[in-house]
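The values are calculated or read from the model by the stated rules, or taken from the named source; none is laboratory data. Note that the coordinates shown come from a computational prediction; the quantities given were computed from them, not determined experimentally. Virtual Cβ from ideal backbone geometry, glycine too; neighbours counted across all protein chains shown.
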Amino acid sequence: MKPPPLVPAEFATTNGGTPFSVAFNDVYHSAHGGLAQARHVFIQGNNLADRWLQQNPFVIAETGFGLGLNFLATWQAWQDAGKPCRLHFVSVEKHPFHRDDLARALAGFAELTPLAEQLLKQWPLLVTGFHRLHFDEGQITLTLLFGAAQMQLPQLSAGLDALYLDGFAPARNPDLWSPDVLATLTRLSHPATTLATWSVAGELRRTLEQLGWSLERRPGFGNKREMLVGRYATANTRKSTWPAVPKRDCPETDSRLRGVSPAPTFRASPGKAIIIGAGLAGTAISERLARRGWQVDLYERNAAPAQEASGNPSGVLLPLLTRDDAPAARLSHACYRYALRRLTELPGVRWSPCGVLHIARDAEHELLQCATLNELNLPAKLVSFLNHAAAEAQIGRPLAHGGWWFPEGGWVDPVSLCNALLALGAERIETHYSVTVARLEQTIDGWQIFDSADNLLGSAPHLILANAQAAQALLPCPVPLTLLPIRGQISYLEKLADNDNHPPLRHVLCRSGYLTPPESGAICIGASFDSGDSDLQSRLSDHEGNLQRLEELLPGTALGINAHSLTGRVGIRSTARDRVPLVGTLPAPLSAKDMEQATLATMPRIPGLHVLLGLGARGLVWAPLVAELLASQLADEPLPLEAALVKRIDPARFYLQALRRKNVSNNADL
C-alpha cells in the first residue's frame with residue numbers, strides 16, 4: 001500500500017517564544033526550558049549515564065522527534081560521559097519540520113549549536129519511511145521514522161533499552177499514546193528496558209501496567225508536579241533483529257552444516273568476518289563492520305578492488321520510480337537518499353551530484369512520467385518533471401522529450417568509492433588480493449575457506465559472500481539464489497560535439513542507456529544489457545548499439561562517429577530475477593514436514609553464512625544501505641529499513657517460493 005504523503009510541521013511560537021504546534025495546539029516543550037526538561041525527564045529518568053557504561057550498543061526509542069531537543073541533549077550527555085558506547089536513537093515523527101524551520105526552532109539553543117549544525121546538515125527530505133543518519137564517526141546513529149507511529153513503529157526491528165514517551169499531551173495527540181503504540185514498543189522491550197515520560201495521565205498509567213510495566217512517580221519538571229519512570233517487569237525475551245528460528249537440526253541439511261542458527265546472542269561483542277569479493281558490495285560491508293569494531297578479512301581474486309562489474313570509470317546514481325510506489329521503488333528511494341548522505345561524508349570519492357535527467361521514451365511515456373509524480377507527490381529536491389522545453393533549457397541542448405529531473409543525482413567513480421571505503425576501515429580490514437577462494441567448510445566455530453590446492457586461507461565465525469555470480473559455485477548446499485549474469489558493454493567518447501549553441505554537457509542523461517558528462521573523466525555511453533551472457537570480449541555490435549542510445553539521448557550527436565573507432569569496457573552484472581538484491585543470512589534446507597508452515601521469519605538459517613549479492617546495474621544506489629542493513633543484522637542493532645523491505649530482499653525468498661511450488665505440486669499429485 002502506498003504510504004500517505006507527509007504533512008510538514010508549521011513553525012510557530014507562543015507569545016513567550018516557546019515553539020508551538022498549530023496542528024496540535026500545544027507547545028513542543030515546557031516553557032521552563034526544553035533542554036532542561038530533556039535532561040531531567042528523559043536522561044536522568046532513564047539513568048542513562050550509568051547504564052551506558054554497562055551496555056554496548058545502547059538503543060533509545062522516542063515517540064515524537066519534534067525539534068530534536070531530546071536527541072541533541074542525549075548526544076551531548078553521551079559526549080560528556082566520554083562516549084562510553086555505540087548509541088542508537090530511534091524516533092518517530094508524523095509532522096517533521098522542513099530544514100529551514102527546524103534551524104529557526106533550534107537557533108535559541110546556543111549550547112547545542114555544534115550538534116544542531118551537524119543534524120541540520122544531514123536532515124533528510126520529508127519522505128515517509130525510515131531515514132538513517134550517522135554522527136560522531138559513526139558512534140551515534142539516528143534513525144528517523146517519518147509518518148504516523150501506528151504505521152511506522154510496527155515496521156521497526158530493534159531491541160530497545162530505554163523509551164522516551166514524549167509528544168504532545170495525550171488529550172491533544174491521543175494517537176501517539178494509544179494502547180497499540182505502547183504495545184508495539186513493549187514488544188520491542190526486554191526485562192531491563194526502562195521508560196520515562198513527563199505525563200502521569202491515568203489512562204497511560206493503566207495501559208502501561210497492563211502491558212507489564214512497573215511504574216514509579218518522581219518529581220516532575222517545571223510546572224509538572226510529577227513524572228513517570230518505569231521498568232519492563234515481565235519475563236519477555238529480548239527482541240533480536242534477526243529472524244526468529246527454531247533451535248533444531250534439519251534432516252535434509254547438508255552434512256557440512258552444523259544445524260540451524262538460533263537468533264544470535266543479544267548485544268554480541270564485536271566479531272570477526274571473512275568477506276569474499278572486493279567490489280561495491282564487499283567493500284561496503286567491510287567498512288560497515290569495521291566501523292562497528294569488527295575484524296574483517298577481505299578476499300579478492302583480482303589484484304585490486306573493483307576490477308570486475310564495479311570497475312567502470314563512472315556509474316549513474318538515481319533511484320527507481322513506479323507509479324504505485326512498489327516495495328522495490330521504496331527500497332530504491334531509501335538506498336538513494338542514504339547513498340547521497342554517505343558520499344557527502346566519504347573523503348577521496350570522485351563523484352558529482354550534477355543532476356540526472358531521465359528522458360521519456362516517447363510522448364506517451366512523457367505523460368506517464370508526469371502522472372507518476374503527481375501520484376507520488378515527492379519533494380522537488382528528490383525529483384520533478386520537466387516538460388520538453390524545460391528539459392532542453394536545463395540541459396542546454398536539443399532533446400526529443402522531457403523527463404524526470406533528479407537534481408541531486410549524478411555520477412560516481414566506483415573504483416574511488418571502493419578505495420575510500422577500504423581506507424576508512426583500514427585499521428580493521430585486512431585485504432588479500434590475487435587470492436581465489438575455491439571451497440567453504442563449516443566448523444564448530446564458524447567457517448573456513450580454502451584455495452584450489454585445498455590450502456586453508458582463513459577462518460571466522462561469519463562468512464559473507466559478496467562475489468556476485470561466483471558465489472553460487474561456493475554454496476555448501478543447494479539453496480537457490482537464482483542469480484543471473486547480465487553482460488554490459490560501455491563505449492568511451494573522446495569528446496562531444498560542442499559549439500556556441502551547444503554548451504558543454506554538465507548533467508547525466510538517461511533513457512534506454514546513459515551518458516556521463518566530460519567532468520566525470522571519461523565520457524561513457526551505454527550500456528548493453530544481455531541477460532544470461534558472460535562473454536567479456538568487446539563487440540562491434542554493442543558499440544553500434546551504444547551510438548544508437550547516444551542518438552536517442554542527444555539527437556544528432558552520434559552522426560559522424562565511427563563505431564569501429566570506439567573503445568570501451570565489458571562488465572558482467574549479477575542480478576536476481578526480481579531485480580532487487582539478496583541480503584541476509586542464507587536459509588538451511590527444510591525437512592518435508594516443516595515445509596508447509598515455513599515463513600521467512602521462522603525459516604532456519606545456516607549459522608554464520610550471509611550474502612550481499614544481486615546488486616545488478618544499480619550497485620551504486622543499493623550498496624551503501626544494504627551493507628548497513630547486513631552489518632546491523634550481524635551486530636544485532638536496530639535495522640535501517642522497514643521490516644517489509646527487509647523481507648523483500650531476504651535471500652531466503654526464492655527458496656521459500658520453491659518450497660511452496662513443490663508443496664503445491666506434491667498435493668496435486670495426491
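See the values below:
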{"item": "Hits in the range 618-644 (condition: farther than 28 Å from Ser314 by Cβ and either among the hydrophobic types (A, V, I, L, M, F, W, C) or modelled with pLDDT of 95 or more (or both))", "result": "Ser632, Gln633, Leu634, Ala635, Glu637, Pro638, Leu639, Glu642, Ala643, Ala644"}
{"item": "Check on Asn455, loosely packed, with under 14 Cβ neighbours inside 10 Å and out of contact with any Phe, Trp or Tyr (no Cβ under 7 Å at 6 or more places or on another chain)", "result": "yes"}
{"item": "Test: Ser528 is modelled with pLDDT of 90 or more, touching a strand residue (DSSP E or B) at 6+ places or on another chain (Cβ under 7 Å), assigned to a loop (DSSP other than H, G, I, E, B) and not hydrophobic (A, V, I, L, M, F, W, C)", "result": "yes"}
{"item": "Evaluation of Phe109 against (1) at pLDDT 95 or above; (2) more than 23 Å from Leu424 (Cβ to Cβ) (one fails), failing number", "result": "(1)"}
{"item": "Conditions (1) within 31 Å of the chain's Cα centre (by Cα); (2) within 14 Å of Gly45 (Cβ to Cβ); (3) of a type in the set (Gly, Ala, Ser): number failed by Ala192", "result": "(2)"}
{"item": "Matching option when the condition is small (Gly, Ala, Ser) and touching a residue at least 40 places away in the same chain (Cβ under 8 Å), among Ser214, Ser189", "result": "Ser189"}
{"item": "Pairs where the first residue, in the range 428-457, is over 22 Å from Pro305 (Cα atoms) and the second is basic (Lys, Arg) and surrounded by 14 or more Cβ atoms within 10 Å (Cβ to Cβ), C-beta under 7 Å, 6+ apart", "result": "Gln442/Arg258; Ile444/Arg258"}
{"item": "Failed criterion for Val412 (all others in (1) crowded, with 20+ Cβ neighbours inside 10 Å; (2) closer than 14 Å to His358 by Cβ hold)", "result": "(2)"}
{"item": "Boolean, Leu165 is surrounded by 24 or more Cβ atoms within 10 Å (Cβ to Cβ), within 16 Å of Phe130 (Cβ to Cβ) and in the same structural domain as Gln210 (by TED's automatic domain parsing)", "result": "no"}
{"item": "Residue count for the range 430-453, restricted to those that are outside any strand (DSSP E or B) and touching a Leu at 6+ places or on another chain (Cβ under 7 Å)", "result": "3"}
{"item": "Residues satisfying the stated conditions in the range 330-347, i.e. buried (at least 18 other Cβ atoms within 10 Å of the Cβ) and not basic (Lys, Arg)", "result": "Leu331, Ser332, His333, Ala334, Cys335, Tyr336, Tyr338, Ala339, Leu340, Leu343"}
{"item": "Tabulated pairs, the range 327-340, first touching a residue at least 40 places away in the same chain (Cβ under 8 Å), second among the polar types (S, T, N, Q) and surrounded by fewer than 23 Cβ atoms within 10 Å (Cβ to Cβ), C-beta under 8 angstrom, 6+ apart or interchain", "result": "Ala328/Thr322"}
{"item": "The lone exception for Asp594 - which of (1) within 21 Å of the chain's Cα centre (by Cα); (2) part of a helix (DSSP H, G or I); (3) among the charged types (D, E, K, R) it fails", "result": "(1)"}
{"item": "Long-range neighbours under 6 Å by Cβ, at least six apart or interchain, first residue within 17 Å of Leu320 (Cα to Cα) within the range 504-530, second surrounded by fewer than 24 Cβ atoms within 10 Å (Cβ to Cβ) and among the acidic types (Asp, Glu)", "result": "Arg511/Glu552"}
{"item": "Filter result (closer than 21 Å to Val508 by Cβ, out of contact with any Pro (no Cβ under 7 Å at 6 or more places or on another chain) and touching a residue at least 60 places away in the same chain (Cβ under 8 Å)) within the range 312-326", "result": "Pro313, Ser314, Val316, Leu317, Leu318, Pro319, Leu320, Leu321"}
{"item": "Residue count for the range 531-555, restricted to those that are in contact with a strand residue (DSSP E or B) (Cβ under 6 Å, 6 or more places away or on another chain), of a type in the set (D, E, K, R) and over 22 Å from Ile572 (Cα atoms)", "result": "0"}
{"item": "Residues satisfying the stated conditions in the range 135-145, i.e. in contact with a strand residue (DSSP E or B) (Cβ under 6 Å, 6 or more places away or on another chain) and either surrounded by fewer than 19 Cβ atoms within 10 Å (Cβ to Cβ) or over 24 Å from Trp294 (Cα atoms) (or both)", "result": "Leu144, Leu145"}
{"item": "Helices (runs of 4 or more DSSP H) (entirely within the range 141-226) containing at least 1 residues that are small (Gly, Ala, Ser) and modelled with pLDDT of 95 or more", "result": "149-152, 179-187"}
{"item": "Failed criterion for Gly425 (all others in (1) in contact with a strand residue (DSSP E or B) (Cβ under 9 Å, 6 or more places away or on another chain); (2) in the same structural domain as Ser352 (by TED's automatic domain parsing) hold)", "result": "(2)"}
{"item": "Criterion violated by Trp447 - all others in (1) of a type outside the set (D, E, K, R); (2) within 30 Å of Pro379 (Cα to Cα); (3) crowded, with 21+ Cβ neighbours inside 10 Å satisfied", "result": "(2)"}
{"item": "Any pair with Cβ under 7 angstrom, 6 or more apart, that starts in the range 367-385 at a residue that is surrounded by 18 or more Cβ atoms within 10 Å (Cβ to Cβ) and ends at one that is of a type in the set (D, E, K, R)", "result": "Thr372/Arg323; Leu376/Asp325"}
{"item": "In the range 563-617, residue farthest from Leu656 (Cα to Cα) [restricted to those that are buried (at least 20 other Cβ atoms within 10 Å of the Cβ) and among the basic types (Lys, Arg)]", "result": "Arg573"}
{"item": "The range 127-166, subset small (Gly, Ala, Ser) and touching a Phe, Trp or Tyr at 6+ places or on another chain (Cβ under 7 Å), residue nearest to Ala77 (Cα to Cα)", "result": "Gly159"}
{"item": "Residue within the range 444-451 that is more than 24 Å from the chain's Cα centre (by Cα) and either under 30 Å from Leu346 (Cβ atoms) or in the same structural domain as Gly526 (by TED's automatic domain parsing) (or both) present", "result": "yes"}
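Yes/no matrix, rows are residues, columns are (1) more than 24 Å from Ala183 (Cα to Cα); (2) assigned by TED's automatic domain parsing to the domain that holds His190; (3) surrounded by fewer than 24 Cβ atoms within 10 Å (Cβ to Cβ); (4) at pLDDT below 95:
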| residue | (1), (2), (3), (4) |
| --- | --- |
| Ile43 | no, yes, yes, no |
| Trp52 | yes, yes, yes, no |
| Phe58 | no, yes, yes, no |
| Gly64 | no, yes, yes, yes |
| Ala81 | yes, yes, yes, no |
| Phe89 | no, yes, no, no |
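Okay, residues lined up against (1) surrounded by fewer than 20 Cβ atoms within 10 Å (Cβ to Cβ); (2) in the same structural domain as Pro319 (by TED's automatic domain parsing); (3) part of a loop (DSSP other than H, G, I, E, B):
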{"residue": "Glu519", "(1), (2), (3)": "yes, yes, no"}
{"residue": "Cys524", "(1), (2), (3)": "no, yes, no"}
{"residue": "Leu536", "(1), (2), (3)": "yes, yes, yes"}
{"residue": "Asn546", "(1), (2), (3)": "no, yes, no"}
{"residue": "Pro555", "(1), (2), (3)": "yes, yes, yes"}
